[in-house]
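Report on the following structure.
The values are calculated or read from the model by the stated rules, or taken from the named source; none is laboratory data. The structure displayed is predicted, hence computed values, not measured ones. Cβ atoms come from the backbone with ideal geometry, glycine included; neighbour counts cover every protein chain shown.
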Amino acid sequence: MSDQQGQAATRTYPPDPELSKSANARPEMKEQGLEEFWDEQAKQRISWFEDYDTVLEWNQPYAKWFVGGTLNACYNCVDRHVENGKGDKVALHAVPDDGPDSPDAQDITFSDLQRRVVAFANGLRKLGVGKGVPVGIYMQMIPDAVVAMLACARLGAPHTVVFGGFSGKAVAERCNDLECTVLVTQDEALRGGKSFPQKVNADEGLDGGPTSVEKVVVFRRTGGDVPMGDRDVYADELMSDVSDDPSECPCEPMDAEDLLFLLYTSGSTGKPKGVVHTTGGYLTGVTTTHNLVFDVKEDSVYWCAADIGWITGHSYIVYGPLSNGVTSVLYEGVPGYPDKDVWWKIVEKYGVTILYTSPTAIRSHIKWGPEHAQKHDLSTIRILGSVGEPINPEVWEWYHEHIGGGKAPVMDTWWQTETGHILITPLPGITTLKPGSAQQPFPGLEFEVRDDEGNALGANEPGNLVLTRPWPGMMRGLYKDDQRYRETYWSKYSDAYFAGDGAKFDDDGDLQLMGRIDDVTNVSGHRISTFEVESALVEHEKVAEAAVAARRDPDTGQAIVAFVSLKGGNEGDDELKQVLREHVAKQIGKLARPAELIFASDLPKTRSGKIMRRLLKNIAEGEELGDTSTLVDPTVVEDMKKQVGAK
Ligand code: WT7
């Protein structure tokens, strides 16, 4: 659990009456029935080619929303805005790695976006991509990544985006699982002034074994000299002879329940899970939540500083904001490069009105001091958002004060890859804000906090967060794994979705999230399973056994601590520690590299041979160990404790 536990807000913030008057969200929405609410939203916000005849068909654990309707996500995100006379409106202020003053900054209008998407979709068609043909995307935060996703949606080709910082191995595994024949990538990526070998990484992964991928399409970002083989084609060459006229590549009508994308995410065991998202419910869910939670207006300038490789990027960089026809910032870089004030320069230059980011990013800004923000005019900011991990009340207060000018309400939004869109959040102009609490279910939803026996708990009793009703963007299962879907989410309680998070209600009925209760860690808002890191470690020739736990970290929320025993009873040294940490980075991606690695002659096991994970967690946190009498060899933990202390 996070360090949130037990921390109550000291102050509350009632809504600004001006905001209440003009807010998109209305208090009556909470009174509407589930189907009534979503029916109204779907009709108001989404353009359907053919109307649906049933709002919801619920056969727990599978939902079908807007049954019988047809639509296209790309049409909703791009074409309809051009048809409605908004072609010249900026869709994306694309800010490159070297910041908003860079000559490479681009303002891409909805018409520009349409032409680029049509041209790329026509290019993909030449490679046999069409309705139902899955495509892998391994890119970083450049406009072509958004173009690639929308081109797939236009053709009805499901995409799976693999986070650009993951290893080539991770790319190959995911593409092979979904049987992608085409992978879209870029030559190199730029992050914080450093180049990252995207294409070379992809090749390494694909060449590591048999693969379904037959063609690799390469967008040029740096123009660097990357090896191109028979399998490869540059995107610009693929598009050299295609039309960018939308009438030459109409948006494919998709059934509301047709697959829009798969996104792989970590579970507590086994390989990453392919979370299935379909078209109608997902698009309705992200468009509605984006509109109401961030109170978007025609002239809003919205910036979500996440990455398209995660669900936040899918829902709140690409599909939600574009479907709402909003002007967004798309930023390639990282906080703090080229200067510590680059974020605030971006806000000032484009007049950002809504900023959505993670507690980890805010903590970096806190560390650097408020003077960087103070150098810039941030007075355009109306709404702030937070996502990915519990936000500490102090961090909330800093964000509100220094970025929001003491006025802009902070929306602490709880949701998951599996939920598709925001489910627990305050609403601007309605909710009295309580720092450190995500507070209230979104209209149409209900939550409970239950104990392990299934009893609903009351105020101040921590337990497991469950959802008792379906929602439109909910996952439609795990790809080709019905059993795992049922076991992971629907077996703990027979009648509710088990989220895997701890939570408690306070005296006012507001909900406070308390972190994961399973073996999934949250490092800088990135979800990493201890199992995956353990698997990567034991793949190293010198490692006999590995176990991974997380400890609290003031900067990254949690940090990974790995416990390793070596083959042949060998003792490790600092050099091997480095080697193993890098090995994990290479196998999974840098984000999974253990912050700390501890060698042990053996891992703490019970007599039945089970690793005692609770103990490892205590050791990682530097806590008292309690009862160790059930261990085969209690001395192993003493030895480990000394190493943690010695760091
Ligand atoms: C897990 C889901 C939601 C998009 C980003 C992460 C944690 C997320 C909050 C929040 C407390 C949060 C939960 C959840 N989480 N938002 N506002 N307060 N915890 O998506 O990778 O699927 O991770 O992130 O533990 O289960 P994800």
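Looking at Thr357, is it out of contact with any helix residue (DSSP H, G or I) (no Cβ under 6 Å at 6 or more places or on another chain) and either within 12 Å of the ligand (Cβ to nearest atom) or modelled with pLDDT under 95 (or both)? It is true that Thr357 is out of contact with any helix residue (DSSP H, G or I) (no Cβ under 6 Å at 6 or more places or on another chain) and either within 12 Å of the ligand (Cβ to nearest atom) or modelled with pLDDT under 95 (or both).
Among the residues of segment 278-305, the ones that are under 23 Å from Tyr479 (Cβ atoms) and either within 16 Å of the ligand (Cβ to nearest atom) or free of Cβ contacts under 8 Å to residues at least 40 places away in the same chain (or both) come to 3 in all. Restricting attention to segment 590-646 and to residues that are among the basic types (Lys, Arg) and in contact with a strand residue (DSSP E or B) (Cβ under 6 Å, 6 or more places away or on another chain), the residue that is surrounded by the fewest Cβ atoms within 10 Å (Cβ to Cβ) turns out to be Lys617. Looking only at segment 398-430, residues that are of a type in the set (A, V, I, L, M), within 11 Å of the ligand (Cβ to nearest atom) and in a loop (DSSP other than H, G, I, E, B) come to 2 in all. Going residue by residue through segment 524-537, is there one that turns out to be away from the ligand (no atom under 16 Å from the Cβ) and in contact with an Asp or Glu (Cβ under 8 Å, 6 or more places away or on another chain)? No, that holds for no residue. Test Ile383 against the criterion of being touching a Ser or Thr at 6+ places or on another chain (Cβ under 8 Å) and within 16 Å of the ligand (Cβ to nearest atom), and give yes or no. Yes: the conditions hold for Ile383. Remark: pairs (first residue in segment 389-409, among the small types (Gly, Ala, Ser); second residue assigned to a helix (DSSP H, G or I) and within 16 Å of the ligand (Cβ to nearest atom); Cβ separation under 8 Å; 6+ apart in sequence or on different chains) = Gly406/His400; Ala408/His400.
Restricting attention to segment 356-392, the residues that are within 22 Å of Thr417 (Cβ to Cβ) and of a type in the set (A, V, I, L, M, F, W, C) add up to 4. Whether a residue is closer than 24 Å to Ala105 by Cβ and touching a Pro at 6+ places or on another chain (Cβ under 7 Å) was assessed, and Glu188 passes this test.
State yes or no: is Glu448 more than 13 Å from the ligand (Cβ to nearest atom), assigned to a strand (DSSP E or B), out of contact with any His (no Cβ under 8 Å at 6 or more places or on another chain) and farther than 20 Å from Ala305 by Cα? Yes; evaluated as a whole, the condition is true for this residue. Test Asp241 against the stated conditions and say whether it is surrounded by fewer than 17 Cβ atoms within 10 Å (Cβ to Cβ) and not in a strand (DSSP E or B). In short, yes.
The residue pairs whose first member lies in segment 490-516 and is under 16 Å from Gln439 (Cα atoms) and within 12 Å of the ligand (Cβ to nearest atom), whose second member is of a type in the set (Ser, Thr, Tyr) and modelled with pLDDT under 95, and whose beta carbons are closer than 6 Å, counting only pairs six or more residues apart or on different chains, are Gln512/Ser437; Gly515/Ser2.
Of the strands (runs of 3 or more DSSP E) lying entirely inside segment 519-620, those containing at least 3 residues that are touching a helix residue (DSSP H, G or I) at 6+ places or on another chain (Cβ under 8 Å) and under 22 Å from Ser167 (Cβ atoms) are 520-523, 543-553, 557-566. Considering Phe37, Phe49, Phe66, the condition of being touching a Pro at 6+ places or on another chain (Cβ under 7 Å), farther than 17 Å from Asn324 by Cα and surrounded by 14 or more Cβ atoms within 10 Å (Cβ to Cβ) is satisfied by Phe37 alone. Scanning segment 21-47 for residues that are polar (S, T, N, Q) and either assigned to a helix (DSSP H, G or I) or under 17 Å from Val286 (Cα atoms) (or both) yields Ser22, Asn24, Gln41, Gln44, Ser47. Screening Glu298 with (1) of a type outside the set (Gly, Ala, Ser); (2) part of a loop (DSSP other than H, G, I, E, B); (3) within 12 Å of the chain's Cα centre (by Cα) gives one miss only, at (3). Can you pull out every residue in segment 451-470 that is among the hydrophobic types (A, V, I, L, M, F, W, C) and either within 14 Å of the ligand (Cβ to nearest atom) or outside any loop (DSSP other than H, G, I, E, B) (or both)? Within segment 451-470, Ala456, Ala459, Leu465, Val466, Leu467 meet the criteria.
Pairs meeting the criteria (first residue in segment 75-88 and more than 15 Å from Val318 (Cα to Cα), second residue polar (S, T, N, Q) and crowded, with 17+ Cβ neighbours inside 10 Å, beta carbons under 6 Å, at least 6 apart or on different chains) are Val82/Ser111; Val82/Gln114; Gly87/Ser111; Asp88/Thr109.
For beta carbons closer than 7 Å, sequence separation of 6+ or different chains, a first residue in segment 106-120 that is closer than 12 Å to Cys74 by Cα and a second that is small (Gly, Ala, Ser), the qualifying pairs are Phe110/Gly87; Phe110/Ala91; Leu113/Ala91; Val117/Ala151. Among the residues of segment 314-348, those identified as under 27 Å from Leu260 (Cα atoms) and assigned to a loop (DSSP other than H, G, I, E, B) are Asn324, Gly325, Val326, Glu332.
Scanning segment 234-259 for residues that are touching a residue at least 40 places away in the same chain (Cβ under 8 Å) and out of contact with any Gly (no Cβ under 9 Å at 6 or more places or on another chain) yields Ser243, Asp244, Asp245, Pro246, Glu248, Cys249.
Determine whether Pro435 is within 13 Å of the ligand (Cβ to nearest atom), part of a loop (DSSP other than H, G, I, E, B) and touching a His at 6+ places or on another chain (Cβ under 8 Å). When the stated conditions are applied, Pro435 passes them.
The rows are residues; the columns are (1) in contact (Cβ under 8 Å) with a residue 40 or more places away in the chain; (2) buried (at least 24 other Cβ atoms within 10 Å of the Cβ); (3) more than 18 Å from Gly385 (Cα to Cα); (4) within 12 Å of the ligand (Cβ to nearest atom).
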residue	(1), (2), (3), (4)
Pro321	no, yes, no, no
Ser328	yes, yes, no, no
Tyr337	yes, no, yes, no
Lys340	no, no, yes, no
